[in-house]
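The structure under discussion appears below in the form of structure tokens.
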Amino acid sequence: MFRRESKPQNRIDSLIGATTRIEGNLFFSGGLRVDGTVRGNVAALPDQPGTLVLSEQARIEGEVQAAHVVINGAVNGPVHATESLELQAGCRVKGDVHYKSIEIVRGAVVEGRLIHHAAAEAKPAGLKLAS
């Protein structure tokens, strides 16, 4: 009867600074802001409503997965937003974008498909935690 939807995280729990480069997969919970570069997949922990914010300087080369995603930087890989996706003016995505709800600001660029998913099918099977 009532759907349980997570709300975007207003608080940033973790920050990757503009001069920081991470090589490898990154898993987070809560709110994560990326100002630097990540070469690897970035994903919220399963069954937790994570929020990922990419600033204008941010660069991710890999798959992105979180409940709420805000992109103002560059992503070279697919994006999976199980709840909401906001593509801001500085956004540059090379890869397919999967979303439940989306907001696109003038100037955002996506070189890939925009794929809408209903609530039941919004969870991608892609990223898994290593044991």
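Taking the conditions exactly as written (assigned to a loop (DSSP other than H, G, I, E, B), out of contact with any His (no Cβ under 7 Å at 6 or more places or on another chain), surrounded by fewer than 23 Cβ atoms within 10 Å (Cβ to Cβ) and not β-branched (Val, Ile, Thr)), does Arg11 satisfy them or not? Against the criterion (assigned to a loop (DSSP other than H, G, I, E, B), out of contact with any His (no Cβ under 7 Å at 6 or more places or on another chain), surrounded by fewer than 23 Cβ atoms within 10 Å (Cβ to Cβ) and not β-branched (Val, Ile, Thr)), Arg11 qualifies. Flag set for Ala43, criterion: farther than 19 Å from Val105 by Cα, part of a strand (DSSP E or B) and not β-branched (Val, Ile, Thr). The number of residues in the range 20-40 being surrounded by fewer than 18 Cβ atoms within 10 Å (Cβ to Cβ) and closer than 12 Å to Ala67 by Cα comes to 2. Within the range 50-100, being outside any strand (DSSP E or B) and under 19 Å from Leu15 (Cβ atoms) holds for Gly50, Ser55, Glu56, Gln57, Ala58, Gly62, Asn72, Gly73, Gln88, Gly90.
The condition of being among the hydrophobic types (A, V, I, L, M, F, W, C) and touching a Leu at 6+ places or on another chain (Cβ under 9 Å) holds for only one of Leu85, Leu32, that being Leu32. Each residue in the range 106-123 was checked for being surrounded by 13 or more Cβ atoms within 10 Å (Cβ to Cβ), part of a loop (DSSP other than H, G, I, E, B) and either at pLDDT 55 or above or polar (S, T, N, Q) (or both), and 3 of them qualify. Evaluating Ala43 against the criteria (1) surrounded by fewer than 19 Cβ atoms within 10 Å (Cβ to Cβ); (2) modelled with pLDDT of 95 or more leaves one unmet condition, (1). Quick one: is Glu103 at pLDDT 95 or above, part of a strand (DSSP E or B), among the charged types (D, E, K, R) and surrounded by 20 or more Cβ atoms within 10 Å (Cβ to Cβ)? No, not satisfied.
Scan the range 14-40 for residues that are without any contact (Cβ under 8 Å) to a residue 60 or more places away in the chain and not in a loop (DSSP other than H, G, I, E, B) and the total you get is 15.
The values are calculated or read from the model by the stated rules, or taken from the named source; none is laboratory data. Since the model is a prediction, treat every value here as computed from it, not as a measurement. Because the Cβ atoms are built from the backbone with ideal geometry, glycine has one as well, and the counts that use them run over all protein chains shown.
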